[in-house]
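Taken together, the values in this text are just the output of simple stated rules run on the coordinates, not laboratory data. Remember, predicted model here, so these are calculated numbers, not experimental data. Note that we place each Cβ from the backbone using ideal geometry, even for glycine, and neighbour counts take in every protein chain shown.
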Amino acid sequence: MTTKEKILELFEANKGIYFSGEEIAGKLCVSRAAVWKAVKSLRNEGYMIDAVTNKGYCLSVNTDILSPQGIWKYLDSGYRHLDMTVLSTVDSTNVMVREKANNGLAEGYTVISNEQTAGRGRYGRKFFSPNGTGVYMSVLLRPDNYSASQAVRITTMAAVAMCEAIEEVSDEKAQIKWVNDIFVKGKKVCGILTEASFGLESGLLEYAVLGIGLNVYQPPEGFPKELEQIAGAIFAHTQDDMKNRLVASFLNHFMGYYTAQNQTDYTEKYRNRSLAVGKQIQVISGNQVRNAFVYGVDDECRLLIKYEDGETASLAYGEIDIRF
């Protein structure tokens, strides 16, 4: 860990508390000049660090900047081993993690960015990923003996975990639009994209990349016109240390489900958060659109529907439009 990273870890664990340059230098076994240089660099990155004569340096409690140090302090002890990289910008966190996965990197590697220049959603759609107002992250997973049909569990676990994270740090209720979108107050605040690689001979999952795009705050210039009616954000205004708290809360909940012996414990929570159950929907498959009624979600988180002609089906994947 660099001197700057060590100082940030100290500040993140003690927000609002002053440390003299001499005290920091002594704790980290570095020179006071090195402390001054590191503090200056952190300030250039946007950290609000006060400096008061005879008191020292203090990281403001109002800081809301993503960092591994800021996330680790909220993580449950069992997940602090996760290898995390935080970037100011990247083309796509999923693309970056897939490259690492193909080079054999271990499970748990996580990339988090403040911006994506080429973020992607399902079916190759562009995912709006502006700088500063959202969190964009991807996690590398290597589950044992997962078939293609079981791989959807990763997305549904993540959906429940994100709802729980949002509710843990806010007063909002989060719901799931099958299969991978999270809604708050009738607007989409989060999209989940899971990409996977399967062995040709075994047919089993070699690795999966779980991608999350989360709108934490409203962009200052607003959402693009084509997204105005559908996209929303969790908060209207900046909250203290919210991005780090959201990421850590999501990882705590998700990894809890993912590592559990019974990986179906979350299914009732998924079912209870469904936006679609009891609603009329349109099932979209290529150029075909069929009207249907959603009467439930099964234990594999498949959508149980009845078409207008009386035919019933269980949807494991696809796209729907809910007729609110």
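Could you size up the charge dipole of the chain around its Cα centre, putting +1 on the beta carbon of Lys and Arg and -1 on that of Asp and Glu, and report it in debye to the nearest 20?
Details: 35 positive and 39 negative charges, 126 e Å.
So the magnitude is around 600 debye.
Angle of helix 242-258 to the longest C-alpha principal axis of the chain, folded into 0 to 90 degrees and rounded to 10: 50°.
The mean sequence separation of alpha-carbon pairs under 8 Å and at least six residues apart, normalised by the residue count of the stretch 280-322, gives a relative contact order of 39 percent.
Using the Cβ-Cβ distance between R271 and A118 with R0 set to 30 Å, the FRET efficiency from 1/(1 + (r/R0)^6) comes to roughly 0.30. Within the same chain, lysines fewer than 8 places from K100 are excluded, and of the rest, those with a Cα less than 27 Å from its Cα are K4, K6, K73, K126, K243. Peptide packing for 142-151, 15-24 was compared via the average number of neighbouring C-beta atoms within 10 Å per residue; ordered from the highest value, the list is 15-24, 142-151.
Quick one: 3J(HN,Hα) in Hz for the stretch 49-66, Karplus 6.51/-1.76/1.60 with θ = phi - 60°, rounded, Gly and Pro as x. Result, ordered by residue: 10, 7, 10, 10, 4, 6, 10, x, 10, 8, 7, 4, 5, 8, 5, 9, 10, 5 Hz.
Under 5 Å between amide hydrogens, built in the peptide plane, is the criterion, and for D64 it picks out D241 among residues at least 5 positions away or on other chains. Most simply put, the chain has about 85% antiparallel DSSP beta bridges, counting only bridges with both residues inside it.
Relative to the longest principal axis of the Cα atoms of the chain, the long axis of helix 32-44 makes an angle of roughly 40 degrees. Each residue of the stretch 75-87 was assigned a 3J(HN,Hα) from its phi angle through the Karplus curve 6.51 cos²θ - 1.76 cosθ + 1.60 (θ = phi - 60°); the sequence is 6, 4, 4, x, 10, 6, 7, 4, 7, 10, 10, 10, 10 Hz, with glycine and proline shown as x. Applying 1/(1 + (r/R0)^6) with R0 = 30 Å to the Cβ-Cβ distance of K173 and T89, what FRET efficiency is obtained, to the nearest 0.05? Rounded to the nearest 0.05, the efficiency is 0.40. How far, in degrees from 0 to 90, does helix 148-169 lean away from the longest principal axis of the Cα atoms of the chain, to the nearest 10? It works out to around 50 degrees.
Mean sequence separation of contacting Cα pairs (under 8 Å, at least six apart), scaled by the length of the chain, corresponds to a relative contact order of 14 percent.
Where both residues lie in the stretch 1-125, what percent of DSSP beta bridges are antiparallel, nearest 5?
Within the stretch 1-125, antiparallel bridges account for around 50 percent of the total.
Can you give the local net charge around K306? Use residues other than it whose beta-carbon is closer than 13 angstrom to its beta-carbon, Lys and Arg +1, Asp and Glu -1. If you can, show how the numbers build up before the last one.
Working: positive: K279, R290; negative: E308, D309, E311.
Neighbourhood net charge equals -1.
Can you tell me the FRET efficiency between N54 and Q218 if r is taken as the Cβ-Cβ distance and R0 is 41 Å, rounded to the nearest 0.05?
Numbers: r = 41 Å, r/R0 = 1.00.
My answer for the efficiency is 0.50.
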